[in-house]
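Here is the structure we will look at, set down as structure tokens.
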Amino acid sequence: MIDSFASFNTSEFQQRRIKLTQAMGEGLAIIPTSPETVRNRDSHYPYRFDSYFYYLTGFKEPESVVLLVAGKQNKSILFCRDKDLEREIWDGFRYGADAARDAFGFDEAYSINELDATVLKLLANQPKLYFSLGENASWDARVTSWLNTLRNQVRNGVGVPDDISDVCKLIDEMRLYKSLYEQNIMRKSANIAAAAHNRAMKFTRPGMMEYEMEAEFLHEFYRNGAQSPAYTSIVAGGANACTLHYNANNAKLNDGDLLLIDAGCELEGYASDITRTFPINGKFSAVQKDVYELVLNAQAAAIAKVNSENHWNAPHEAALDVLIQGFIDLKLCKGSKEAVFDSGTYSQFYMHRTGHWLGLDVHDAGEYQYSNQSRNTQKNNSQNWRMLEPGMTLTVEPGCYIRPAENVPEHFWNIGIRIEDDVLVTQDGSEVMTEKAVKTVTDIEALMQS
Ligand code: GLY
Ligand code: MN
Ligand code: MN
């Protein structure tokens, strides 16, 4: 019984495990999934697997661990919960080791109760342990106790790994490049979220509550097969949009204000992350339109830089360039472009970066700068930003947030705008995966009045 997602591809996950063992060289990797988290008494938060574990396995059950043995002989071993009729009557289906091994293509699979004994056997005499220390204190303690058990046996000739390396660093580099299989899921995740944003524009009316719009998003996500929101939706009317991580979502939507919604879904583990900002009454005022089109132009300039000719920071630099000129033109900032950039006065209105990697985590894995200077292939890249490459996925999300202040004309007060899309770097440029979510002034007004 493979999960309902029709195109689950066992060999995709096997290939990832093989690639990781090749990167490891020789040693043992231990990658546990996330623990379940109690919400209160015997209620739990909805379970979400660990992204690294899931990337290597496709397996969604809690209380699971994957071991990868790399060396002369490579193999992958899953540990999972036993079949248990009593627990399955209460909580639902469990694979059990044998069925999980066959369905998910592991070389071996055992009960989670056999983990201690098996790790001790496999870890003995390994030159290197691959484990991510510092993520979870109880796993750190368990790994330490395995190492100490082996250290107590050195007089019997047992070798203990003297090198512990962060396995997640190796997986981060793999996760950064999305396969065709992943791109396909991400496109679907993007389409579901885009449809939800378009639906929200159609439904919004003055007098509604922010949480009613949040409910519309959940409705659209779940009815299209997404498993959850990818993060807590931000539904921010009027001044609330100037709080970057606003998520109280409990205020009334007022005629004449803008509504900023930052919401995306998670489909088979993969996040979409879209922000749209639109007028609650369906028509931008003149000043709202001026600021909106500035942010939209900044986003277009940034998206134009998403291609494999450029480094990670080029889209941010392009967005900032447009925004700073716009802040000067709107008389929000004073002085030359250079002066506004150097003094940082623009950050009163734009105080975050223009994007992040996107994937299994909404702020996804992967380094933004090369640690090795020699991989930097561009001049004027003193910060060693890594080059964009086909298969990388990122958000492009400039904004403008104008809080009331003495140095700001009052007609701008409380305008908060962000426009965010999800972009894939391709062989010949880029693909905006979220392009179905409307965003020009004309298209938004037409949709809202339809
Ligand atoms: N929704 C989170 C972000 O835009 O980074
Ligand atoms: Mn984002
Ligand atoms: Mn977002």
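Quick note: the coordinates plus some simple rules give every number you see, no bench work behind them. Being a predicted model, the structure only gives us computed values, none of them experimental. Methodologically, a virtual Cβ is constructed for each residue, glycine included, from the backbone with ideal geometry; neighbour enumeration extends over all protein chains shown.
In table form, for the structure just shown:
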read-out: Listed residue pairs exceeding 21 Å between alpha carbons, taken from LYS75/LYS121; LYS188/LYS436; LYS60/LYS121; LYS19/LYS75; LYS188/LYS439; LYS252/LYS283; value: LYS60/LYS121
read-out: Shape box of segment 279-339 [Cα atoms, principal axes, largest first, Å]; value: 41, 31, 11
read-out: Residue-count net charge about ALA193 - beta-carbon cut-off 9 Å; Lys, Arg +1, Asp, Glu -1; value: -3
read-out: Mean ellipticity per residue at 222 nm, deg cm²/dmol - from DSSP H runs of n ≥ 4 across the chain, formula -39500 (n - 2.57); value: -11000 deg cm²/dmol
read-out: Radius ratio Rg over Rh of segment 1-122, counting only Cα atoms, Kirkwood formula for Rh; value: 0.98
read-out: Fewest-first sequence of THR345, THR33 by Cβ atoms within 10 Å of each Cβ; value: THR345, THR33
read-out: Residue-span extension gain [ARG223 to ALA99] - 0.36 nm each, minus C-alpha spacing; value: 41.7 nm
read-out: Residue with peak Gaussian network fluctuation, the chain [Cα springs, cutoff 10 Å], from GLN369, GLN348, GLN153; value: GLN153
read-out: Against the rule of thumb 2.2 N^0.38 Å, how large the Cα Rg of segment 255-398 comes out; value: 1.17
read-out: Of every Cα-Cα pair in segment 119-177, the percent that sits beyond 18 Å; value: 39
read-out: Cα pair distances in segment 70-156, grouped into 5 Å bins until the bin that holds the longest one, percent each; value: 3, 11, 17, 19, 19, 16, 8, 5, 2, 0
read-out: Reference-scaled alpha-carbon Rg (2.2 N^0.38 Å with N residues) for segment 356-398; value: 1.26
read-out: Per residue Cα convex hull volume in Å³ - calculated over the chain; value: 179
read-out: Rg [Å, one decimal], Dmax [Å, integer] - segment 394-450, C-alpha atoms; value: 15.8, 48
read-out: Measure of compaction for segment 209-258 (Cα Rg per 2.2 N^0.38 Å); value: 1.21
read-out: Span from the segment 130-205 Cα centroid across to the segment 257-273 one, whole angstrom; value: 22
